[in-house]
Amino acid sequence: MSIAATFEIEYLQYLDADGKLVRSDLPEFARDAKQLVELYKTMLFVRVFDTKAVALQRTGKLGTYASCLGHEAAHVAIGSAMREDDVFAPMYREYGAQFVRGVKPREVLMYWGGDERGNDFSGPAHDFPWCVPIATQCLHAAGAALAFKIRKEPRVAVSVVGDGGSSKADFYGAINMAGAQTLPYVSVIVNNQWAISVPRTIQTGAKTLAQKGIAAGVECLQVDGNDLIAMRAAMDHAIKRARHGHGGMLIEAVTYRLSDHTTADDARRYRPDAEVKAAWEREPMKRLRTYLTAQNVWSDKHEEAWKAECEKIVDVEVNAYLETKTQPVEAIFDYVYAELPPDLTAQRAQALALEQRRG
Amino acid sequence: MAQITLIEAITQALAHEMANDASVVVLGEDVGVNGGVFRATAGLSEKFGTQRVLDTPLDETTIAGVAVGMAVQGMRPVAEAQFDGFVYPMVDHIVCHAARFRTRTRGRLSCPLVLRVPWGGGIRAPEHHSEANEAIFTNVPGLRVVMPSSPSRAYGMLLAAIRDPDPVIFFEPKRIYRQYKEEVPDDGEALPLDVCFVLRDGTDVTLVTWGAQVKETLEAADALAKEGVSAEVIDVATLKPLDFDTIHESVKKTGRCVIVHEAPRTAGFGAEVAARLAEHAMYDLVAPVERVTGYDTHIPLFRLEMKYLPSVERIVAAAKRTLAAS
C-alpha cells in the first residue's frame with residue numbers, strides 16, 4: 001500500500017495559562033504593548049458587560065441570555081482582526097467581536113430583551129444578526145464570501161460556530177464550498193467543550209475539530225482559544241490569506257464555557273465542579289493580565305480604574321436599554337415585506353384597532 | 001418572432017435579467033455546462049461565465065444557505081432546486097432565514113433571492129421528483145409563492161420575481177414545460193406579482209387553479225361549454241400573498257366555485273381559498289365550494305400517477321355538482 005495523502009494539524013499557543021510566553025516569535029501587534037493593553041481592556045469590558053447582563057436576567061429585566069464568560073479572548077481577537085467592511089456572521093454569544101465592530105451593548109440587551117431593533121446594528125451595517133438555528137450562519141458567511149469573490153471585492157467573511165454546531169451539515173457545507181470555490185471565508189469553531197449538556201467527546205470521534213477542514217480543502221489550525229495573542233495571530237493569518245485570494249481557513253479555538261449555556265440552563269446538572277474549577281485556571285483574562293503586568297504596562301491600579309470605567313459605560317447602556325419604549329403593535333407587520341400586501345394591511349388594521357380599544 | 005415553450009421562457013427571462021443586472025447569479029446542481037437537467041439554464045454558462053452560472057457542490061442545504069448569504073449581501077441569486085422533492089433540506093434556510101431577515105433586522109438587511117423549483121407530477125419520473133409541496137411555503141410569512149402556467153407568464157413573472165425585494169419561491173410546473181409554444185417577446189417587461197389572472201370569462205361557475213392544472217381546468221371549461229355551462233377560469237399564479245379580490249369578484253358573478261389543485265387535499269392551498277370564501281363570500285354562494293385535488297396520499301410511482309392527478313372528468317363532475325345544488 002502507498003500513501004495517498006498525509007495531514008497534520010498544528011496547534012498555536014503563545015501565552016500559557018500562567019501568562020508565560022512559550023514562543024519567541026511574537027507577532028508584530030503583540031510587540032506593541034499599547035495595542036495589547038487595548039485588547040485586554042476590551043476583554044475586561046466584555047466581562048463586565050456579561051456579568052451585568054446575567055444580573056439583569058436574574059432580576060427579571062432581560063429575557064434568556066447567552067453568556068460569553070470565558071470566550072473573551074477568542075471573540076475580541078476575531079473582531080479586532082477584521083476590517084470594517086468585512087462581514088461577520090455570529091452565532092449568539094460573540095459580543096466581544098461585535099463590540100469591536102461597533103455593535104452597541106444596548107443592542108445586545110434589546111435583542112435578548114425581546115426587541116428586534118437590537119439587530120438593527122448602529123455599527124457594522126452588513127454584519128449578519130445573531131443566528132439561533134445552529135450553524136446556518138456558516139453558509140450565510142460562505143454566501144457573503146462568494147458575493148465578494150464574484151464582485152472582486154477584497155473583503156472577507158467570518159463566521160463563528162460552536163463545537164456542537166460543527167456536527168451540522170451547514171458547517172460542513174460552508175467549508176466545503178469555501179474549498180471548492182476558493183472563497184475568502186474564515187470559519188471559526190469556538191470549541192467551548194459543551195453544547196448545552198453534550199460534551200465535545202460525543203460530538204465526534206475526530207481527534208480535533210480543526211481537522212474537519214482537511215476534507216473540505218481549506219487550511220486548518222487549532223489554537224489556544226484562551227490566548228489572545230495566539231487567537232489574534234491566527235485570525236490575522238487567516239484573514240490575510242483569504243483577502244489575497246488564497247481561500248478559506250478553519251480555526252478551532254479551544255476554550256471553555258465557564259457559564260451555563262444560557263440563563264435558562266443549569267450546568268451543575270451535567271458537568272463536574274472539578275472540571276469547571278480547572279477551566280478557571282486556564283481562562284483568558286488572568287494570563288493576559290499576568291503577562292501585561294510583567295511587561296509593566298498594566299497593574300492592579302489600572303485594572304480597578306478601568307473596571308470602574310466599564311461599569312459606568314455599561315450602566316449608561318443598561319439605562320438606555322431599560323428606557324427604550326416597546327415598539328408599537330404595527331411593528332409586527334411593517335418589516336415582513338418591503339411593501340405591505342393588502343392581506344396584511346387588513347390584519348395590521350385589525351391589530352391597531354384592538355390596541356386602540358384596549359387603550 | 002419565435003414561438004417558445006414555458007421552459008424556454010424561463011431561460012429567456014434568466015438571460016435577460018443577467019444581462020440587465022450584474023448582481024443576478026444562477027446557482028444550483030448541473031446548472032452550468034449541462035444547462036440544467038430541464039435545460040432551464042442552457043447557454044447561460046457560455047454567455048455569463050462559470051462565476052455567475054455556478055455549479056455548486058451537490059448539497060441542497062449549501063445551495064439555499066449560500067443563496068441566502070449572497071442575497072443578504074446585495075446579490076440577486078436565482079437558486080435552483082433540481083426537483084420539488086429535493087427542496088426539503090433547503091426549508092430551514094428559506095423559513096428561518098430568507099423569510100425573516102427583513103423583519104429580524106427591522107429592515108437593515110433583506111434577502112431578495114429566487115428559489116426556482118421544478119414542480120409537480122405527470123412526467124413519469126422516479127420517486128421524489130413529482131411533489132406538489134407549495135403549501136409548505138404558503139404558510140410562511142415573508143415569502144412570495146408564485147407559479148406561472150404559460151410561457152408568457154413564466155417570462156414576466158420570473159423577471160418580477162428576480163426584481164422583487166423579498167424572497168420568492170418560484171414553482172415551475174414541469175409537466176407543461178414543453179406543452180405548447182407562445183410568442184414571448186424578450187422585452188424585459190415584468191408581469192405583476194400578487195395578482196390572479198382571469199384566463200377565461202364565464203358566468204355560471206368559477207374554476208380556481210394554478211400550475212399544471214390550468215391545462216385540465218381550461219379543458220374542463222371547454223367541455224362544460226359544450227354542455228351550455230359558462231365557466232370562468234382563474235389562474236391564481238401568486239399563491240402568497242393571495243389576490244382574493246379577483247376570486248371574490250368572480251364568485252359574486254357566478255355564485256359557484258370549484259378549486260382545483262394537484263397537492264393533497266388536507267391543508268392544501270385550496271383550503272385557504274375555501275376558507276376565505278366562507279369568510280367573505282358566504283352570501284354570494286349558491287352552492288357549496290368544491291375541491292378537486294390530489295388525494296391525501298403520496299403521489300404514486302408513475303404507473304398510477306395519472307389516476308392521482310385531478311382529471312378533466314373530475315373537474316367537470318365537480319362543476320356539475322355545484323350547478324345541481326341550486
Determine if region A:258-273 includes at least one residue that is closer than 17 Å to A:Ala17 by Cα and β-branched (Val, Ile, Thr).
no
Name the residue that is surrounded by the fewest Cβ atoms within 10 Å (Cβ to Cβ), counting only residues in region B:61-103 that are charged (D, E, K, R) and closer than 21 Å to A:Ala145 by Cβ.
B:Asp92
Restrict the check to region A:160-173 and report whether at least one residue is within 18 Å of the chain's Cα centre (by Cα), in a loop (DSSP other than H, G, I, E, B), in the same structural domain as A:Val316 (by TED's automatic domain parsing) and without any contact (Cβ under 8 Å) to a residue 24 or more places away in the chain.
no
In region B:267-326, anything surrounded by fewer than 21 Cβ atoms within 10 Å (Cβ to Cβ), charged (D, E, K, R) and not in a loop (DSSP other than H, G, I, E, B) is listed as B:Glu272, B:Arg276, B:Glu279, B:Arg291, B:Glu305, B:Lys307, B:Glu313, B:Arg314, B:Lys320, B:Arg321
Restricted to region A:107-121 and to residues being open to solvent by 10 Å² or more (accessible area, probe 1.4 Å) and more than 10 Å from chain B (Cβ to nearest Cβ), the residue nearest to A:Phe333 (Cα to Cα) is A:Gly114
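The rows are residues; the columns are (1) polar (S, T, N, Q); (2) within 14 Å of chain A (Cβ to nearest Cβ); (3) open to solvent by 10 Å² or more (accessible area, probe 1.4 Å); (4) within 15 Å of B:Ala263 (Cα to Cα).
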| site | (1), (2), (3), (4) |
| --- | --- |
| B:Val114 | no, no, no, no |
| B:Gly120 | no, no, no, yes |
| B:Arg124 | no, no, yes, no |
| B:His129 | no, no, yes, yes |
| B:Gly156 | no, no, no, no |
| B:Tyr177 | no, no, no, no |
Qualifying positions in region A:1-42 - within 22 Å of the chain's Cα centre (by Cα) and more than 23 Å from A:Leu209 (Cβ to Cβ):
A:Phe29, A:Ala30, A:Gln35, A:Leu36, A:Val37, A:Glu38, A:Leu39, A:Tyr40, A:Lys41, A:Thr42
Kindly provide the set of residues from region A:149-175 that are within 9 Å of another protein chain (Cβ to nearest Cβ) and of a type in the set (A, V, I, L, M), ordered by number.
A:Ile150, A:Ala157, A:Ala169, A:Ala174
If A:Gln350 passes every condition in (1) loosely packed, with under 14 Cβ neighbours inside 10 Å; (2) more than 14 Å from every other protein chain (Cβ to nearest Cβ); (3) out of contact with any helix residue (DSSP H, G or I) (no Cβ under 8 Å at 6 or more places or on another chain) but one, which one does it miss?
(2)
Some residue of region A:62-69 being of a type outside the set (Gly, Ala, Ser) and under 20 Å from A:Val316 (Cα atoms)
yes
Residue check for B:Asp30: among the charged types (D, E, K, R), open to solvent by 30 Å² or more (accessible area, probe 1.4 Å), touching an Asp or Glu at 6+ places or on another chain (Cβ under 9 Å) and over 24 Å from A:Val158 (Cα atoms)
yes
Look at region B:240-253 and say how many of its residues are more than 14 Å from every other protein chain (Cβ to nearest Cβ) and open to solvent by less than 10 Å² (accessible area, probe 1.4 Å).
2
How many residues does region B:230-266 hold that are out of contact with any strand residue (DSSP E or B) (no Cβ under 6 Å at 6 or more places or on another chain), outside any loop (DSSP other than H, G, I, E, B) and without any contact (Cβ under 8 Å) to a residue 40 or more places away in the chain?
5
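The values are calculated or read from the model by the stated rules, or taken from the named source; none is laboratory data. What you see is a predicted model; the values in this text were computed from it and never measured. Counting neighbours? That spans all protein chains shown, and the Cβs are built from the backbone with ideal geometry, glycine included. Protein only, heavy atoms only, side chains kept; ligands, DNA and RNA dropped before computing areas. Shrake-Rupley method; radii C 1.70, N 1.55, O 1.52, S 1.80 Å.
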